[in-house]
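Undergrad: This structure is in structure tokens; I'll ask about it shortly.
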Amino acid sequence: MSVTSFTVFSIAYHHVNLNLNNVDTSKTLYIITPTHNGYGQIPHLTRLGITLRQVRNIHWLVVEDAPTTNPNIEALLRRSNVKYTYLHAETDRKSTMQGRGVEQRNCALDYISKLNPVDGLVYFADDDNTYDLELFKVLRRTKYCGVLPVGLLGQMPYESFEIMDGKVVGFYAAFGLDRKFQIDMAGFVVHVSALTKNNPPRFKRTPLMGVLETDFLEQVVTNMSQLEPIAYDFDRILVWHTKTQNIALLSLEQYKSNYGSNRDMTRFPVLIY
């Protein structure tokens, strides 16, 4: 038996034979991105849009956490030159249960289900993560439920899997070691056929933090042997769980008070909302 482990400490720019030249791009990649109003929203979506415009045959579903869509974000998406659908679904802020992005991801899943696609893959791409272009080729290797390592999670440089004879037999995770599937949201992709089951998978709010992924995957597969390690032959990370640092920006009123009202910050209204 052969056991494969994953290392994040590869030599810079070292490139192995990834065998991606013949990847079938006929499958549509449905990329689901929850988003919400804030100073980081436009930079995040701009960066992700620049990445996605270089990927063939994708459908980007951006879901705003709000009662309506935002015309500034709509304009940004139009400029991205990516096929997109812009939706909105407001978070249930009265709920005491855990689950960030639940309503937005489920809204996108409902939309895809109504399209009734015969073939295609669904991937959850948060707007503040960082994505290697080759990730999207690797995702297309998936037959039903593919998994891959994710970098910069918690206090670990990456989360990954123990693979034996081409099968997932264990997890290398940073937290929640009692979870059935110790996988980050960016670490799995599912075929659209999973959405056409009698009880299609959806995200659910729970009393516990960090279980959205395992709860969803338990509706897709029954055990880890069904997970497809689609990046088994890679020597590097293809997606990173990066975060933008929160900073205390001045409001317009504070800016005028501190620096004088003669400086017109309203020249860039798109950045101020």
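The values are calculated or read from the model by the stated rules, or taken from the named source; none is laboratory data. Please read all numbers here as calculations on a predicted model, not as lab measurements. Backbone-built Cβ (ideal geometry, glycine too); neighbour counts: all protein chains shown.
Undergrad: Scan the range 171-186 for residues that are without any contact (Cβ under 8 Å) to a residue 12 or more places away in the chain and either buried (at least 20 other Cβ atoms within 10 Å of the Cβ) or in contact with a strand residue (DSSP E or B) (Cβ under 6 Å, 6 or more places away or on another chain) (or both) and report the count.
TA: Qualifying residue count for the region: 0.
Undergrad: Also, I was wondering about something else. Identify, from the list Leu48, Leu61, the residue that is among the aliphatic types (A, V, I, L, M), farther than 21 Å from Ala194 by Cα and surrounded by 15 or more Cβ atoms within 10 Å (Cβ to Cβ).
TA: Leu48
Results for (1) within 24 Å of the chain's Cα centre (by Cα); (2) at pLDDT 90 or above; (3) under 26 Å from Arg93 (Cβ atoms), shown as yes or no for each residue.
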{"position": "Val192", "(1), (2), (3)": "yes, yes, no"}
{"position": "Leu195", "(1), (2), (3)": "yes, yes, no"}
{"position": "Phe216", "(1), (2), (3)": "yes, yes, yes"}
{"position": "Thr222", "(1), (2), (3)": "yes, yes, no"}
{"position": "Glu228", "(1), (2), (3)": "yes, yes, no"}
{"position": "Leu238", "(1), (2), (3)": "yes, yes, no"}
{"position": "Asn246", "(1), (2), (3)": "yes, no, yes"}
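Undergrad: For Val82, all conditions in the list (1) closer than 26 Å to Lys197 by Cα; (2) under 18 Å from the mean Cα position of the chain (by Cα) hold save one; what is the number of the exception?
TA: (1)
Undergrad: Looking at Val220, Val190, can you tell me which residue is assigned to a loop (DSSP other than H, G, I, E, B) and closer than 26 Å to Pro117 by Cα?
TA: Sole residue among the options that is assigned to a loop (DSSP other than H, G, I, E, B) and closer than 26 Å to Pro117 by Cα: Val220.
Undergrad: Could you check, for the range 41-56, whether at least one of its residues is within 19 Å of Ile112 (Cβ to Cβ) and in a loop (DSSP other than H, G, I, E, B)?
TA: Checked the range 41-56: at least one residue is within 19 Å of Ile112 (Cβ to Cβ) and in a loop (DSSP other than H, G, I, E, B).
This table checks each residue for (1) among the charged types (D, E, K, R); (2) not in a strand (DSSP E or B).
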{"position": "Leu61", "(1), (2)": "no, no"}
{"position": "Asn72", "(1), (2)": "no, yes"}
{"position": "Thr85", "(1), (2)": "no, no"}
{"position": "Glu90", "(1), (2)": "yes, yes"}
{"position": "Arg100", "(1), (2)": "yes, yes"}
{"position": "Glu103", "(1), (2)": "yes, yes"}
{"position": "Cys107", "(1), (2)": "no, yes"}
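Undergrad: Here's something else I'd like to know. Looking at Gly99, Gly38 in this structure, which one is over 19 Å from Leu135 (Cα atoms), crowded, with 16+ Cβ neighbours inside 10 Å and either basic (Lys, Arg) or modelled with pLDDT under 95 (or both)? Outline the logic, then answer.
TA: On the way: Gly38 fails: crowded, with 16+ Cβ neighbours inside 10 Å.
Step by step, each of Gly99, Gly38 is checked, and only Gly99 is over 19 Å from Leu135 (Cα atoms), crowded, with 16+ Cβ neighbours inside 10 Å and either basic (Lys, Arg) or modelled with pLDDT under 95 (or both).
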